[in-house]
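J.: Below is one structure. I have some questions about it.
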Amino acid sequence: MNISNFKKHKDWVKVWSGRWSLHFDSHIGNDWTKNLKISGKPVFAHVIYFYHDAITDCWVSQAEKDYLGERLCNLARKNPKFIPNLCKQFKLLADEVTAFLSSHDPDKISYKNLLKYWDLISRYYLPHLSVKYIVDYLSEKELKKYLPMLEDSRLYAEPIFRNTENFFEKFANNIAKQKGYTKEMILATLAEEIDIFFQERILPSRKLLKNRFVQSALTIERAKQKLFVGKEVSKIEKIISSFAPADTLKGQIAYKGKVVGRARIVLNPKEYVKAFNKGDILVTGMTRPEFLFFMKKAAAFVTDAGGILSHAAIMAREMRKPCIIGTGVATKIFKDRDIVEVDANKGIIRKI
């Protein structure tokens, strides 16, 4: 996909954001755009992963996301057991991933077992994506019926990606020690480059991997991948986020309410060193369990990505705090310490 091709889609939307590796992105991108299918068609045709200092932002076309939701809902309406069976399968595969991670040492894992893991995570991802996205397209009546079981399965599988990240950071650190690289460099490898490492003990140059870690973009169109690094990444980001307004954003309401507070931009909770005070507004890509420290203090949550079953939405309902999700670019539009109004009754955030 050339840079000019990004202009063909006017509806890019951020669907995922968090601490993840470029290496993992290069694996799951093929699943999203080729291997995993709903009603005989890939989940998405196009995916973009932006990677900045260990934080991944994932963008897709809104039209493709809507089409995915339509296909999932059609399956659920044709078969009343579709959603219950989906949730059951989701939990069973989550157990399989957990069992694998707990029974394999990341410092000693063989190439054969590593391939087994990627096959397992590929099978896990289809029910994961299905549960994650179907909930945003169900009717109000359907949502009332199915939300409890969908939310239950989502919470059950919540530790999977955190545990996977921990596993692969240890795996990367082991390779880094062997070759005199840093862990961050290994996390910036592509899938095929780790395949080559196991076969020939060769890695890309340190400089190349360091540059990727700082700023890169992986575009995938029907399993065809292209990697951009440096200035080209900024050009792509500018194109796909050019629709965003200057001071006001809209998003999906996860829990109603209206508050005014100081925006605090938290991308990586482990590296956030500024003071976060009670009543501040948490603005982030997406939340995970490691954000709970900030969420307990925050007056409201605003995220770039996520749906009704995202961690932020679930915690907002539990904590009864205003929450707006899926804004796309809140972390780009607002600056740390901006005074903002979060109107979760209307789904609007504006700078005051």
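J.: Of everything in the stretch 110-135, what is surrounded by fewer than 18 Cβ atoms within 10 Å (Cβ to Cβ) and touching a residue at least 12 places away in the same chain (Cβ under 8 Å)? Give them in sequence order.
T.: The first filter runs over the stretch 110-135 and keeps only residues surrounded by fewer than 18 Cβ atoms within 10 Å (Cβ to Cβ), leaving 110-116, 118-120, 122-123.
Across the stretch 110-135, the qualifying residues are TYR111, LEU114, LYS116, TRP118, LEU120, SER122, ARG123.
J.: While we're looking at this one, here's another question. State yes or no: is SER102 of a type outside the set (D, E, K, R), part of a helix (DSSP H, G or I) and under 18 Å from the mean Cα position of the chain (by Cα)?
T.: No, not satisfied.
J.: Just one of the numbered conditions (1) on the phi < 0 side of the Ramachandran plot; (2) at pLDDT below 95; (3) of a type outside the set (Ser, Thr, Tyr) is not true of ALA54; which one?
T.: (1)
J.: Identify, by number, the condition in (1) under 18 Å from GLU158 (Cα atoms); (2) of a type in the set (A, V, I, L, M); (3) surrounded by fewer than 18 Cβ atoms within 10 Å (Cβ to Cβ); (4) touching a residue at least 60 places away in the same chain (Cβ under 8 Å) that ILE352 doesn't meet.
T.: For ILE352, the failing item is (1).
J.: Of the conditions (1) outside the structural domain of ILE324 (by TED's automatic domain parsing); (2) on the phi > 0 side of the Ramachandran plot, GLY257 clears all except one; give me its number.
T.: Every listed condition holds for GLY257 apart from (1).
J.: In the list SER234, SER216, which residue meets the criterion of being buried (at least 16 other Cβ atoms within 10 Å of the Cβ), under 18 Å from ILE55 (Cβ atoms), hydroxyl-bearing (Ser, Thr, Tyr) and in the same structural domain as GLN178 (by TED's automatic domain parsing)?
T.: SER216
J.: Consider PRO289 carefully, then state whether it is surrounded by 22 or more Cβ atoms within 10 Å (Cβ to Cβ) and either over 19 Å from the mean Cα position of the chain (by Cα) or closer than 19 Å to GLU151 by Cβ (or both).
T.: Spelling it out, it is not the case that PRO289 is surrounded by 22 or more Cβ atoms within 10 Å (Cβ to Cβ) and either over 19 Å from the mean Cα position of the chain (by Cα) or closer than 19 Å to GLU151 by Cβ (or both).
J.: Assuming SER21 fulfils every condition listed in (1) small (Gly, Ala, Ser); (2) in contact (Cβ under 8 Å) with a residue 40 or more places away in the chain; (3) farther than 18 Å from VAL229 by Cβ apart from one, which condition is it?
T.: So SER21 meets the others, but not (3).
J.: Could you tell me which numbered condition SER39 fails, if it satisfies all but one of (1) buried (at least 17 other Cβ atoms within 10 Å of the Cβ); (2) polar (S, T, N, Q); (3) under 23 Å from GLY307 (Cα atoms)?
T.: (1)
J.: With SER17, SER61 as the choices, which residue is buried (at least 18 other Cβ atoms within 10 Å of the Cβ), modelled with pLDDT under 95 and within 30 Å of GLU169 (Cβ to Cβ)? Break it down into steps so the answer makes sense when it comes.
T.: Details: SER61 fails: within 30 Å of GLU169 (Cβ to Cβ).
Testing whether each residue is buried (at least 18 other Cβ atoms within 10 Å of the Cβ), modelled with pLDDT under 95 and within 30 Å of GLU169 (Cβ to Cβ) leaves just SER17.
J.: Can you tell me how many residues in the stretch 23-41 are modelled with pLDDT of 90 or more and within 12 Å of the chain's Cα centre (by Cα)?
T.: Residues flagged as modelled with pLDDT of 90 or more and within 12 Å of the chain's Cα centre (by Cα) within the stretch 23-41 amount to 2.
So that you can scan it fast, the table gives a plain yes or no per residue for (1) over 30 Å from ILE324 (Cβ atoms); (2) touching a strand residue (DSSP E or B) at 6+ places or on another chain (Cβ under 6 Å); (3) surrounded by 16 or more Cβ atoms within 10 Å (Cβ to Cβ):
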residue: THR189; (1), (2), (3): yes, no, yes
residue: ILE202; (1), (2), (3): yes, no, no
residue: ILE240; (1), (2), (3): no, yes, yes
residue: VAL259; (1), (2), (3): no, yes, yes
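J.: Inside the stretch 310-334, can you point out the residues that are more than 18 Å from ASP57 (Cα to Cα) and part of a loop (DSSP other than H, G, I, E, B)?
T.: ARG320, LYS321, PRO322 - these are the residues of the stretch 310-334 that are more than 18 Å from ASP57 (Cα to Cα) and part of a loop (DSSP other than H, G, I, E, B).
The values are calculated or read from the model by the stated rules, or taken from the named source; none is laboratory data. Keep in mind the model is a prediction, meaning the values are calculated, not measured. We place every Cβ from the backbone using ideal geometry, glycine too, and count neighbours over all the protein chains shown.
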